[in-house]
Amino acid sequence: MPLDPCYLDLLSTLAPQVDWDETKKERFSALYDRLLLTNEKMNVTAVTGKAGVVLKHFADSLSLLQFPSFASAAEGGALCDLGCGGGFPGIPLAVALPGAAITMIDSTEKKIRSVRENAAFLGLSGICAVCGRGEELARDGAPLRERFDVVVSRAVAPLPVLTELCLPFVKPGGMFIAMKGAKSEEETAASRRGAGQLGSEKPVIIPVRFPEADLSILPPEEREEAESYLSAERSLIVFRKTRSTPSVFPRSWAAMKKKPL
């Protein structure tokens, strides 16, 4: 089921940083169709309506482009999406930034399989999908440790835990960006001490603000959903890594959960 033009127009309005052309629009339309097909076989998302997917998956993923340093680093370096689930934010970013090299990691094999299948269907050759647990893939001496210029993660765990999972993947000089909603300030404050132990500067909060959009193009029953999404608080929390992470991190998942840094 392809996306109607009004939804693609809304997406292009909400993500003006993208160099939109017909190929990108066609790929987002095809990605919506693939998401529905995938969801018939496994539950990768509870959001399946057109407006919901365009806003909560596509536009939300592309909100990373509101931070100029992310866009420049992602296009010229190695990007990792940790805890990618059904493919977000990595696949929309790969559509928007065709030259980017994106490694997508999730611990669930069937989700990684769907990411590979959907990336192949869309012709996204820059995606590498890896199945594994973050704390194991980033352990001292592992091939993916301190390999990436940028690591992003969307709502995988509380921020103090997420920093310990993600920062070991980041090269010194690179950055980790957590995509968060409400209570960003509280989570950021709780993660500051641990971030320093992991080799990062103090995190910086960047509010996400979408351009004003003409919601009258949507069916009436979807306008309220769109208004609610666009008015909700969300932020990018940026950790800039200045030195290597000590070899004792990341700890086991149980240790991280029991006693966050």
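The values are calculated or read from the model by the stated rules, or taken from the named source; none is laboratory data. If you're wondering where the values come from, they're calculated on a predicted model, not measured in any experiment. Ideal geometry is used to build each Cβ from the backbone, glycine not excepted, and the neighbour counts take in all protein chains shown.
On the stretch given as the range 206-232, residues that are loosely packed, with under 14 Cβ neighbours inside 10 Å and under 24 Å from the mean Cα position of the chain (by Cα) total 8.
Report those strands (runs of 3 or more DSSP E) wholly inside the range 95-211 carrying at least 2 residues which are over 17 Å from Ser61 (Cα atoms) and in contact with a Ser or Thr (Cβ under 7 Å, 6 or more places away or on another chain). I'd like the intermediate steps shown before the answer.
Details: elements: 101-106, 127-131, 148-154, 170-180, 204-207.
Answer list for the range 95-211: 127-131.
I'd like the full set of residues that are under 24 Å from the mean Cα position of the chain (by Cα) and either exposed (fewer than 11 other Cβ atoms within 10 Å of the Cβ) or among the charged types (D, E, K, R) (or both), limited to the range 243-253. Selection gives Arg243, Arg251.
Could you tell me whether any residue of the range 226-234 is under 24 Å from Gly173 (Cβ atoms) and out of contact with any Asp or Glu (no Cβ under 9 Å at 6 or more places or on another chain)?
From the range 226-234, those under 24 Å from Gly173 (Cβ atoms) are none; that's our starting set.
No, the conditions are met nowhere in the range 226-234.
Contact annotation: residue pairs with Cβ atoms under 8 Å, 6 or more positions apart or on different chains, pairing a residue in the range 162-174 that is among the basic types (Lys, Arg) with a partner that is at pLDDT 95 or above, are Lys171/Glu146; Lys171/Arg147; Lys171/Phe148; Lys171/Asp149; Lys171/Lys241. Quick check: anything in the range 48-63 touching a strand residue (DSSP E or B) at 6+ places or on another chain (Cβ under 7 Å), touching a residue at least 40 places away in the same chain (Cβ under 8 Å) and either among the aromatic types (Phe, Trp, Tyr) or not in a helix (DSSP H, G or I) (or both)? Among the residues of the range 48-63, not one is touching a strand residue (DSSP E or B) at 6+ places or on another chain (Cβ under 7 Å), touching a residue at least 40 places away in the same chain (Cβ under 8 Å) and either among the aromatic types (Phe, Trp, Tyr) or not in a helix (DSSP H, G or I) (or both), which makes the answer no.
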